[in-house]
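*Asks:* Before we start, here is the structure in question, set down as structure tokens.
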Amino acid sequence: MLTGIIIIAAVGLLSILSHRRSRLENKIYKNVPLNDWLTVLVFPVLFYLGWFFMVKNILFRAKVDILPFGDFDILAITILFGVYGFVGVAIHFTGKILWRYLKGGRRTMAYKVNEMFHGKLSHYLVYLSLAFIGFLIPILEINHPLILPLTNLYVFLIIIAGTVFGMSGIRAVFYTNEWFGGYNKPIFFIFSILLLILVALFRNLGLRLDVYPVSLFIITIFTSGVLTFLARQFFIFSKLGNRRKLRFIAKILSA
């Protein structure tokens with residue numbers, strides 16, 4: 001169980017580090033930067049392994065009928081979002097490579113069409129698929145609690161891993177948009193809503209997170225992600241002049 005959690009956290013951190021390494025961006029293999037090969041071939045496999053280890057651990061536990069959902073039904077929906085997520089990664093991979101060779105002609109129709117796929121479509125497919133996969137795993141785990149609660153050390157390690165992945169994942173959003181708008185605003189509200197549903201569900205059912213390690217990991221991811229969003233916006237707001245602060249607030253309140 002902890003193996004899967006560590007793998008997922010490592011994928012989030014490594015993806016951000018590889019994105020920031022200009023050496024990986026400049027090292028070209030088959031006309032494609034090395035960090036893009038990592039994004040499309042290595043990171044999805046590692047993410048799948050982390051998901052597999054977590055789900056395998058959950059399903060090996062005794063089942064308690066708390067929620068009226070079958071394991072197979074939840075897993076089927078989770079796998080569907082996984083497929084959409086990989087489609088988003090593939091679209092982004094293709095769009096970004098084409099962008100690299102089309103960006104000299106930004107006014108061409110080929111560039112504009114490619115940006116439709118390279119931009120919001122691929123990003124939303126990836127971000128939202130990951131969010132809903134994360135949301136569904138605690139729903140699966142609710143019917144499979146641990147027999148004994150986690151030790152304080154395990155709780156601490158899981159919270160650290162969740163914070164690392166949450167901050168790394170949200171950091172990826174900021175590469176595409178610094179303003180509270182664009183990708184940021186809808187993803188922020190979706191993350192917040194999913195977090196509120198999970199917290200309300202665990203509170204109303206009277207469930208303890210120390211017998212739900214994967215749920216603790218996911219809730220920590222959502223919490224750190226939402227807090228990172230808010231901290232980033234306050235930081236940007238504090239650096240603006242008075243006139244731009246008004247524009248910033250108007251952008252937050254706009255539909």
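*Asks:* Report the residue count in the stretch 209-248 for those that are exposed (fewer than 14 other Cβ atoms within 10 Å of the Cβ) and either in a loop (DSSP other than H, G, I, E, B) or aliphatic (A, V, I, L, M) (or both).
*Replies:* So the count comes out to 6.
*Asks:* For the condition at pLDDT 90 or above and either basic (Lys, Arg) or in a helix (DSSP H, G or I) (or both), what is the one hit in Leu148, Leu121, Leu153? Working first, answer last.
*Replies:* On the way: Leu148 fails: either basic (Lys, Arg) or in a helix (DSSP H, G or I) (or both); Leu121 fails: at pLDDT 90 or above.
After ruling out the rest, the residue left standing is Leu153.
*Asks:* Return the residue satisfying two criteria in turn: it lies in the stretch 94-111 and is part of a helix (DSSP H, G or I) and among the hydroxyl-bearing types (Ser, Thr, Tyr), and of such residues it is farthest from Lys27 (Cα to Cα).
*Replies:* So, considering only residues that are part of a helix (DSSP H, G or I) and among the hydroxyl-bearing types (Ser, Thr, Tyr), the one farthest from Lys27 (Cα to Cα) is Tyr111.
*Asks:* Still on this structure, I have one more. What do you reckon, is Tyr127 surrounded by fewer than 17 Cβ atoms within 10 Å (Cβ to Cβ), part of a helix (DSSP H, G or I) and hydroxyl-bearing (Ser, Thr, Tyr)?
*Replies:* Considered against the rule, which asks whether it is surrounded by fewer than 17 Cβ atoms within 10 Å (Cβ to Cβ), part of a helix (DSSP H, G or I) and hydroxyl-bearing (Ser, Thr, Tyr), Tyr127 comes out as no.
Table: residues versus (1) surrounded by 15 or more Cβ atoms within 10 Å (Cβ to Cβ); (2) modelled with pLDDT of 70 or more; (3) in contact with a Phe, Trp or Tyr (Cβ under 9 Å, 6 or more places away or on another chain); (4) not β-branched (Val, Ile, Thr).
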| position | (1), (2), (3), (4) |
| --- | --- |
| Gly4 | yes, yes, yes, yes |
| Ala9 | yes, yes, yes, yes |
| Leu13 | yes, yes, yes, yes |
| Lys27 | no, yes, no, yes |
| Pro33 | yes, yes, no, yes |
| Asp36 | yes, yes, yes, yes |
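*Asks:* Sticking with this structure for a sec: Could you go through the stretch 50-62 and let me know if any residue there is of a type in the set (Lys, Arg), assigned to a helix (DSSP H, G or I) and more than 22 Å from the chain's Cα centre (by Cα).
*Replies:* The answer is no, given that none of the residues of the stretch 50-62 is of a type in the set (Lys, Arg), assigned to a helix (DSSP H, G or I) and more than 22 Å from the chain's Cα centre (by Cα).
*Asks:* Filter the stretch 183-205 down to residues that are modelled with pLDDT of 95 or more and either small (Gly, Ala, Ser) or in the same structural domain as Ile139 (by TED's automatic domain parsing) (or both), then give me how many there are.
*Replies:* 1
*Asks:* What's the number of the only condition in (1) at pLDDT 90 or above; (2) crowded, with 16+ Cβ neighbours inside 10 Å; (3) outside the structural domain of Val113 (by TED's automatic domain parsing) that Asp65 fails to meet?
*Replies:* Status for Asp65: all satisfied but (2).
*Asks:* Quick one: which residue in Asn114, Asn143 is outside any helix (DSSP H, G or I) and either buried (at least 18 other Cβ atoms within 10 Å of the Cβ) or under 15 Å from the mean Cα position of the chain (by Cα) (or both)?
*Replies:* Asn143
*Asks:* While we're on this one: If we scan the stretch 75-91, do we find a residue that is touching a Phe, Trp or Tyr at 6+ places or on another chain (Cβ under 7 Å), touching a residue at least 12 places away in the same chain (Cβ under 8 Å) and part of a helix (DSSP H, G or I)?
*Replies:* There is at least one residue in the stretch 75-91 that is touching a Phe, Trp or Tyr at 6+ places or on another chain (Cβ under 7 Å), touching a residue at least 12 places away in the same chain (Cβ under 8 Å) and part of a helix (DSSP H, G or I).
*Asks:* Still on this structure, I have one more. Going by the conditions given, is Asn31 touching a residue at least 60 places away in the same chain (Cβ under 8 Å), of a type in the set (S, T, N, Q) and in the same structural domain as Gly4 (by TED's automatic domain parsing)? Steps first, please.
*Replies:* Details: touching a residue at least 60 places away in the same chain (Cβ under 8 Å): yes; of a type in the set (S, T, N, Q): yes; in the same structural domain as Gly4 (by TED's automatic domain parsing): yes.
Taking the combined requirement at face value, the residue satisfies it.
The values are calculated or read from the model by the stated rules, or taken from the named source; none is laboratory data. For clarity, every value in this text was computed on a predicted model and none was experimentally measured. Ideal geometry is used to build each Cβ from the backbone, glycine not excepted, and the neighbour counts take in all protein chains shown.
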